[in-house]
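**Q** One structure, as structure tokens, below. Some questions next.
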Amino acid sequence: MQPIANTQQADAWNGHEGAHWANNPDRYDSLNGGFNDALFEAAAIGERDRVLDIGCGTGQTTRLAARRAALGQAVGIDISVPMVERARAIAAEEGIANAVFEQGDAQVHSFPSGHYHAAVSRGGVMFFADHIAAFTNIGGALRPGGRLTFICPQLPSPEADSARIFAPVNALIRQPSPAQRGMVSLSDPARIHEVLTTAGFTEVTVTSVEGSVDWGRTADEAVDFYFAMGPVRFNLDGVHEEVVGDARERVREALRPYETPDGVRLRGAVWLATATRP
Ligand SMILES: C[S@@+](CC[C@H](N)C(=O)[O-])C[C@H]1O[C@@H](n2cnc3c(N)ncnc32)[C@H](O)[C@@H]1O
């Protein structure tokens, strides 16, 4: 039995918020997949590499890493049982034998020491109660010279299209949902530098990367998905249904102009961080 330090996050990602991700892998991958190219270009995974994917969720980035490390292996670790189970099922369906998944808390998981050539993460490293302990643990899993590459959210810009589109809901948001707590813990590049350097990494870089965020095939689909997401559901629970209905219609109409033959697409920006284990 692997230890769990982040028990609140474990509860959240093993509860209905994690279940929503596990039940909608394609939707979440469309939402976040616009940053995959930047992540993997920076990670520069080699054919024989052993790769660790931290907070791998339902495993799209683990599978992409495994395809790049065709003669190596990609290991996804995640605190969420339903997401790990889904990740295993999708990798099996796709016949990707060198992608394996483990359930555990990356902050305290006993990784094999000095084993991995690379560690990657698409938005799975912000939720640690103790970032320095977590990145020290992850660094210990890397070989000397091993590379860490991750993306994490920027603070939402008030000028972004998404701020205007989702404003009717943002006005009703009281607090982050349990799974969302920590989401913006690494949204300050100076904090990323500080955490990674203190955890023993060198050659730390943080750059802004823009990408397309795909919310669904139509505005109707996008609005249904958005209102079912954990952080929104959590905050709208108990709000009068007329108020919710009004917000839903306003978001739907605001999304209409963004419908394209390729789906409802908004621009987004994340931080891309790279670092080396000396
Ligand atoms: C925003 S989701 C991203 C999932 C996936 N990387 C993706 O891009 O679809 C964050 C993930 O981090 C996982 N997570 C949160 N805290 C964790 C921890 N301490 N150790 C391992 N995984 C964790 C969650 O269960 C969740 O799957």
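**Q** Treating only the Cβ of Lys, Arg, Asp and Glu as charged (+1, +1, -1, -1), what charge dipole size does the chain show about its Cα centre? Round to the nearest 20 debye.
**A** 660
**Q** Still on this structure, please answer the following. How long is the gain from ASP188 to ALA133 if the chain were fully straight, where each residue apart is worth 0.36 nm and the alpha carbon distance is subtracted?
**A** Net length gain for the segment: 17.9 nm.
**Q** Please list TYR116, TYR258 in order of solvent-accessible area, largest first, computed with a 1.4 Å probe with all protein chains present.
**A** TYR258, TYR116
**Q** Next question, about the same structure. I'd like the FRET efficiency for LEU71 and ASP26, computed as 1/(1 + (r/R0)^6) with the beta carbon distance as r and R0 of 22 Å, rounded to 0.05. Please list the in-between numbers first.
**A** Details: r = 28 Å, r/R0 = 1.30.
For R0 = 22 Å, the calculated efficiency reads 0.15.
**Q** Output wanted: per-residue J couplings in Hz (rounded whole) for segment 41-48, from phi through Karplus 6.51 cos²θ - 1.76 cosθ + 1.60, θ = phi - 60°, x for Gly and Pro.
**A** 3J(HN,Hα) across segment 41-48, in whole Hz: 5, 5, 6, 6, 6, x, 4, 9.
**Q** Follow-up question, since we're still on this one. If I model a spin label at ARG143 and ALA167 as a point 7 Å from the Cα along the Cα→Cβ vector, what separation in nanometres do I get?
**A** 5.3
**Q** R0 = 22 Å: FRET efficiency of ASP237 with THR7, Cβ-based, nearest 0.05? Please list the in-between numbers first.
**A** On the way: r = 23 Å, r/R0 = 1.02.
Rounded to the nearest 0.05, the efficiency is 0.45.
**Q** May I ask for the distance between the Cα centers of segment 96-126 and segment 54-83, given as a whole number of Å?
**A** Taking the Cα centre of segment 54-83 as reference, the centre of segment 96-126 is 8 Å away.
**Q** Please give the per residue accessible area of the chain, computed with a probe of 1.4 Å over protein heavy atoms only, in Å².
**A** Values: 12570 Å² over 278 residues.
Per residue, the chain has 45 Å² of solvent-accessible surface.
**Q** Write down the Kirkwood hydrodynamic radius of the chain, to one decimal in angstroms, obtained as one divided by the mean of 1/r over all alpha carbon pairs.
**A** The answer is 19.2 Å.
**Q** Could you work out what % of the accessible surface of segment 207-278 is carbon and sulfur, using a 1.4 angstrom probe and leaving DNA, RNA and ligands out of the count?
**A** Here it works out to 50 percent.
**Q** Find me the longest stretch of the chain that has none of the exposed trypsin sites (Lys or Arg not before Pro), where exposed means in a DSSP loop (not H, G, I, E or B) with at most 16 other Cβ atoms within 10 Å.
**A** 49-173
**Q** What FRET efficiency, computed as 1/(1 + (r/R0)^6) with R0 = 30 Å and r the Cβ-Cβ distance, is obtained for ASP37 and GLU159, rounded to the nearest 0.05? Write down the numbers at each step before the final one.
**A** Numbers: r = 25 Å, r/R0 = 0.83.
Plugging the Cβ-Cβ distance into 1/(1 + (r/R0)^6) gives 0.75.
The values are calculated or read from the model by the stated rules, or taken from the named source; none is laboratory data. The shown structure was predicted, so the numbers you read here are calculated from the model rather than taken from an experiment. All Cβ positions, even for glycine, are placed from backbone atoms using ideal geometry, and neighbour counts span all protein chains on display. Keep in mind that these areas ignore ligands, DNA and RNA; they rest on the heavy atoms of the full protein, side chains included. Shrake-Rupley method; radii C 1.70, N 1.55, O 1.52, S 1.80 Å.
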